[in-house]
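Visitor: Before I ask anything, here is the structure I am working with.
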Amino acid sequence: MHEKSLMDDLMKKIVSLAEKERASKVTKVRVQLGALSHMSKEHFQEHFEIASQGTIAQGAEIEAEELHDLHDPKAASVILKNIDVQ
């Protein structure tokens, strides 16, 4: 359930940013995966593919960086760094 909540929040942010840019497509998404987010790059990719179906971000390339600091205040988060759009 934790992963779904993280993905729902992330997708809202991505769609909102894309709409502000008047984009027709999100081509790349860059994120950081907190040490306590319970997501590897591969796991994140799987969840993203499901969460993005039918959205402007469907098919976007993912660039994910896994963080390892357990004491970081955002350690349980998936942090959106930026997106590329068309």
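Visitor: For the stretch 75-86, what are the residues that are in a loop (DSSP other than H, G, I, E, B) and at pLDDT 95 or above?
Guide: ALA75, GLN86
Visitor: In addition: Can you name the condition, by its number, that LYS28 falls short on among (1) of a type outside the set (Val, Ile, Thr); (2) in contact with a strand residue (DSSP E or B) (Cβ under 8 Å, 6 or more places away or on another chain); (3) assigned to a helix (DSSP H, G or I); (4) more than 21 Å from LYS74 (Cβ to Cβ)?
Guide: Of (1) of a type outside the set (Val, Ile, Thr); (2) in contact with a strand residue (DSSP E or B) (Cβ under 8 Å, 6 or more places away or on another chain); (3) assigned to a helix (DSSP H, G or I); (4) more than 21 Å from LYS74 (Cβ to Cβ), only one is false for LYS28: (3).
Visitor: Just checking, which of LEU17, LEU70 is of a type outside the set (Asp, Glu) and either assigned to a loop (DSSP other than H, G, I, E, B) or within 10 Å of the chain's Cα centre (by Cα) (or both)? I'd like the intermediate steps shown before the answer.
Guide: Values: LEU17 fails: either assigned to a loop (DSSP other than H, G, I, E, B) or within 10 Å of the chain's Cα centre (by Cα) (or both).
That would be LEU70, the only listed residue that is of a type outside the set (Asp, Glu) and either assigned to a loop (DSSP other than H, G, I, E, B) or within 10 Å of the chain's Cα centre (by Cα) (or both).
Visitor: Still on this model: Among the residues of the stretch 31-43, which ones are within 19 Å of ASP8 (Cβ to Cβ) and not in a loop (DSSP other than H, G, I, E, B)?
Guide: Selection gives VAL31, GLN32, LEU33, HIS43.
Visitor: Could you list all residues from the stretch 10-26 that are under 22 Å from HIS68 (Cβ atoms) and exposed (fewer than 13 other Cβ atoms within 10 Å of the Cβ)?
Guide: At the first step, the residues of the stretch 10-26 found to be under 22 Å from HIS68 (Cβ atoms) are 10.
Listed by number, the list is empty, since nothing qualifies.
Visitor: Still on this structure, please answer the following. When GLU49 is evaluated against the numbered criteria (1) out of contact with any Ser or Thr (no Cβ under 8 Å at 6 or more places or on another chain); (2) farther than 19 Å from GLU3 by Cα, which criterion, by number, is the only one it fails?
Guide: So GLU49 meets the others, but not (2).
Visitor: Moving on. Checking ASP8 against (1) assigned to a loop (DSSP other than H, G, I, E, B); (2) modelled with pLDDT under 95; (3) out of contact with any Gly (no Cβ under 7 Å at 6 or more places or on another chain), which test does it fail?
Guide: (1)
Visitor: Among the listed residues SER16, SER24, SER40, identify the single one that is out of contact with any Gly (no Cβ under 8 Å at 6 or more places or on another chain) and free of Cβ contacts under 8 Å to residues at least 12 places away in the same chain.
Guide: SER16
The rows are residues; the columns are (1) among the charged types (D, E, K, R); (2) surrounded by fewer than 18 Cβ atoms within 10 Å (Cβ to Cβ); (3) touching a residue at least 12 places away in the same chain (Cβ under 8 Å); (4) closer than 30 Å to HIS71 by Cβ.
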{"residue": "LYS28", "(1), (2), (3), (4)": "yes, yes, yes, yes"}
{"residue": "LEU33", "(1), (2), (3), (4)": "no, no, yes, yes"}
{"residue": "ALA51", "(1), (2), (3), (4)": "no, no, yes, yes"}
{"residue": "GLY54", "(1), (2), (3), (4)": "no, yes, no, no"}
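The values are calculated or read from the model by the stated rules, or taken from the named source; none is laboratory data. Quick caveat, the model's predicted, so the values are computed rather than measured. Using ideal geometry, Cβ is built from the backbone for each residue, glycine included, and neighbour counts are taken over all protein chains shown.
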